[in-house]
2 protein chains.
Amino acid sequence: MSRSNPRVLSTLERAGGFASAQEVYRLMQREGESIGLTTIYRSLQSLVNDKIVDVLRRDDGEAIYRLCGEAHHHHLVCKSCGDTVEIEGGAIEKWAKVMAEEHGFRDIGHTAEIFGLCAKC
Amino acid sequence: MSRSNPRVLSTLERAGGFASAQEVYRLMQREGESIGLTTIYRSLQSLVNDKIVDVLRRDDGEAIYRLCGEAHHHHLVCKSCGDTVEIEGGAIEKWAKVMAEEHGFRDIGHTAEIFGLCAKC
DNA sequence: AACGGGAATGAAAATCATTTTCATTTGTGA
DNA sequence: TCACAAATGAAAATGATTTTCATTCCCGTT
């Protein structure tokens, strides 16, 4: 397995902690860094595995990566401008737990995301 | 502009109101219907414009279409054997609504999925 | 210093969903 | 029948992502 190239993470930070692999690539090129797209994809993949970054999807299906500082949270994403709000998911945790128990599942995790149009759009 | 081919909508219904363009295509082929992928994409696009179907994204980025107004459900997936259970998500609907209002979002939708180990695994 | 093996790298090719192009077919009204 | 707009679909184009594979880099060992 390959580990993440540190310049990728630092670029993602500089990008405002929110960019697609292609954007990270273009950014690094513009800054004169010499790196291949493949390495960027691998690095981002590895950062996702290590839960250092989160991955979401744009409306067009392109994957976007963002730094994921805190513990466990969910996202409220504007499908027009991509603006994202981190929200509490206490209700979800409970729901997931109840549903899992009800069907004999254990060792559970979950994903939940809300999308819509933000006030500005 | 092209209008939707009615067989596409009827197939989407038969698919349980939830499928990707590629899946609709395969389904129609299996049923002996003669239709091109292009027409399916165009029909689904048009159905989305007319707000007759909704479009979401799978984790892998593939677009999935579902009938609007269809009572949607969530999934409880075993990460070992892949077994899937459809579950109710009343709590989620409420949570999504509250969170959206709280942040001024409208026209919202959501995704939620629970994964873990099923009783057999 | 030379050697060896595993990890990292990236160019190029392969994949795959989706879109575009464009020539053909179909339907409809004059 | 004629003409023209809409519908259709095969094939090519696009664009993100993944895979392949040969090369380079790193590091500890002789």
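The values are calculated or read from the model by the stated rules, or taken from the named source; none is laboratory data. Keep in mind that this is a model prediction, so the values were computed, not measured. All Cβ positions, even for glycine, are placed from backbone atoms using ideal geometry, and neighbour counts span all protein chains on display. Calculation scope for accessible area: heavy atoms of the full protein, side chains included, ligands and nucleic acids excluded. Shrake-Rupley method; radii C 1.70, N 1.55, O 1.52, S 1.80 Å.
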Tally, over the range B:20-45, of residues that are under 15 Å from B:A63 (Cβ atoms) and more than 10 Å from DNA strand C (Cβ to nearest atom): 1
Total residues in the range A:23-52, condition in contact with a helix residue (DSSP H, G or I) (Cβ under 8 Å, 6 or more places away or on another chain) and touching a residue at least 24 places away in the same chain (Cβ under 8 Å): 9
Hits in the range A:80-118 (condition: in contact with a strand residue (DSSP E or B) (Cβ under 8 Å, 6 or more places away or on another chain) and of a type in the set (A, V, I, L, M)): A:V85, A:I87, A:I92, A:A96, A:M99, A:A100, A:I108, A:A112, A:I114, A:L117
Criterion: facing another protein chain (nearest Cβ under 7 Å) and in contact with a Ser or Thr (Cβ under 8 Å, 6 or more places away or on another chain) - qualifying residue of A:A119, A:A112: A:A112
Extreme residue, farthest from the other protein chains (Cβ to nearest Cβ), among residues of the range B:12-51 that are part of a loop (DSSP other than H, G, I, E, B) and open to solvent by less than 70 Å² (accessible area, probe 1.4 Å): B:G32
When residues of the range A:53-66 are limited to those that are within 15 Å of DNA strand C (Cβ to nearest atom) and surrounded by 16 or more Cβ atoms within 10 Å (Cβ to Cβ), the one nearest to the other protein chains (Cβ to nearest Cβ): A:R57
Test: A:A100 is assigned to a strand (DSSP E or B), among the aliphatic types (A, V, I, L, M) and open to solvent by less than 40 Å² (accessible area, probe 1.4 Å): no
Failed condition for B:L44, given (1) away from DNA strand D (no atom under 12 Å from the Cβ); (2) within 15 Å of the chain's Cα centre (by Cα): (1)
Condition check for B:K94: open to solvent by 70 Å² or more (accessible area, probe 1.4 Å) and part of a helix (DSSP H, G or I): yes
Some residue of the range A:68-88 being modelled with pLDDT of 85 or more, at the interface with chain B (Cβ under 10 Å from one of its Cβ atoms), closer than 26 Å to B:Y65 by Cα and crowded, with 19+ Cβ neighbours inside 10 Å: yes
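Quick grid of which residues meet (1) under 19 Å from A:G17 (Cβ atoms); (2) of a type in the set (D, E, K, R):
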position: A:L37; (1), (2): no, no
position: A:I64; (1), (2): yes, no
position: A:L67; (1), (2): yes, no
position: A:E86; (1), (2): yes, yes
position: A:E102; (1), (2): no, yes
position: A:I108; (1), (2): no, no
position: A:T111; (1), (2): no, no
